[in-house]
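Student: Dumping the structure here so I can ask a few things about it.
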Amino acid sequence: EVLIEVPRIKWSQVGGLPDAKQHLKEAVQWPLEHGDAFDRLGIKPPKGVLLYGPPGTGKTLLAKAVATESGANFISVKGPEIFSKWVGESEKRIREIFKRAKQVAPTIIFFDEIDAIAPRRGSMDGSSRVSENVVSMILTEMSGLEDLHNVVVVAATNRPDMMDPALLRPGRFDRQILVPAPDVQARKEIFRIHTKKMPLAKDIDLDKLAKETDGYSGADI
């Protein structure tokens, strides 16, 4: 089965990252909400968006937030559940995910840690050709003969250099958005979001905590 969910994460629950939020709104949210306007203007929205950056900076959170704000269904794909020991099963799984996404559109398909699912072809010497076939299947589904209507593919990775270069060409993941480590203002916002429902003592200073956590990611905080 392909699990479909509608996340409940709002933009207000994502601390900092104003640039990444704006890019996602323009690339994913607006085309799904105002598809007729894009058609009228003759603008083709991107089919895929790649979120890359250090671990724990909120890439998955951003993907869930854009699905919530767009009112889209959300299909999360993790590496281990794709691969199977049976020949042809992995490619079939990718096919089923895209087929289901088209049936329940508007949909966002989210590939978490896509470098594990679609590594550079030819880089895994001695292993079976399953990962290469999976890469080919994703390429075919994203830019093949059948059009992806109201389906956007979002992927996250902290190793974009490990991905197959064909995935980063126009028509596939043509928008690449950096999700950086939070600055002092973003860290203060993350503290504020997490302590919103906590009774805090008077001597707790969020500004001071934000300054003391230099180099921390959102997950560390």
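Student: May I ask you to derive the relative contact order of segment 37-181, considering only C-alpha pairs under 8 Å and at least 6 residues apart, and to give it as an integer percent?
Tutor: Details: 235 pairs, mean separation 60.9, N = 145.
Result for segment 37-181 is 42 percent.
Student: Can you give me the P(r) profile for the chain? Cα pairs, bins 5 angstrom wide beginning at 0, each as a whole percent.
Tutor: In order of increasing distance, the bins hold 1, 7, 14, 17, 18, 15, 11, 8, 5, 3, 1, 0, 0 percent.
Student: Right, something else. If you roll a 1.4 Å probe over the heavy atoms of the protein chains, what accessible area per residue do you get for the chain, in Å²?
Tutor: On a per-residue basis, the chain sits at 56 Å².
Student: Modelling each spin label as a point 7 Å along the Cα-to-Cβ direction, I'd like the L209/A105 distance in nm, to one decimal.
Tutor: The answer from the label model is 4.4 nm.
Student: Let me understand segment 162-221 better: what is its radius of gyration from the alpha carbons, and its Dmax, in angstrom?
Tutor: Calculated on Cα positions, Rg and Dmax stand at 17.5, 54 Å.
Student: Determine the percent antiparallel among the DSSP beta bridges restricted to segment 58-198, to the nearest 5. Mind showing how you got there, number by number?
Tutor: Details: 1 of 11 bridges.
Given both bridge residues lie in segment 58-198, the antiparallel proportion sits at roughly 10 percent.
Student: Follow-up. Which longest uninterrupted range of the chain lacks any GluC sites (Glu not before Pro) assigned by DSSP to a loop state (not H, G, I, E or B) and surrounded by at most 14 other Cβ atoms within 10 Å?
Tutor: Working: sites that count: E1, E146.
It runs 2-145.
Student: Only loop residues by DSSP count here, and only those with at most 14 other Cβ atoms within 10 Å; note down the trypsin sites (Lys or Arg not before Pro) in segment 158-215 that meet that.
Tutor: K196, K197, K202
Student: I'd like the trypsin sites (Lys or Arg not before Pro) in segment 6-51 restricted to DSSP loop residues with at most 10 other Cβ atoms within 10 Å, sorted by number.
Tutor: R8
Student: Now for a different question. What's the carbon and sulfur percent of segment 78-119's accessible surface, probe 1.4 angstrom, rounded to a whole number?
Tutor: It is 53 percent, rounded to a whole number.
Student: Counting Lys +1, Arg +1, Asp -1, Glu -1, what net charge surrounds A210 among other residues with beta carbon under 11 Å of its beta carbon?
Tutor: Working: positive: R187, K188, R192, K208, K211; negative: D183, E189, D205, D207, E212, D214.
Its environment carries a net charge of -1.
Student: Could you pull out the chymotrypsin sites (Phe, Trp or Tyr not before Pro) across segment 133-221 that fall in loop regions by DSSP (anything but H, G, I, E, B) with no more than 16 other Cβ atoms inside 10 Å?
Tutor: Y216
Student: Can you return the lysines within cross-link range of K202? Criterion is Cα-Cα under 20 Å, with same-chain partners fewer than 8 residues away left out.
Tutor: K188, K211
The values are calculated or read from the model by the stated rules, or taken from the named source; none is laboratory data. These numbers were taken from a predicted model, which means no experiment stands behind them. In this analysis, Cβ positions are derived from the backbone assuming ideal geometry, glycine residues included, and neighbour counts consider all displayed protein chains. All accessible areas refer to the heavy atoms of the entire protein, side chains included, with ligands and DNA or RNA removed. Shrake-Rupley method; radii C 1.70, N 1.55, O 1.52, S 1.80 Å.
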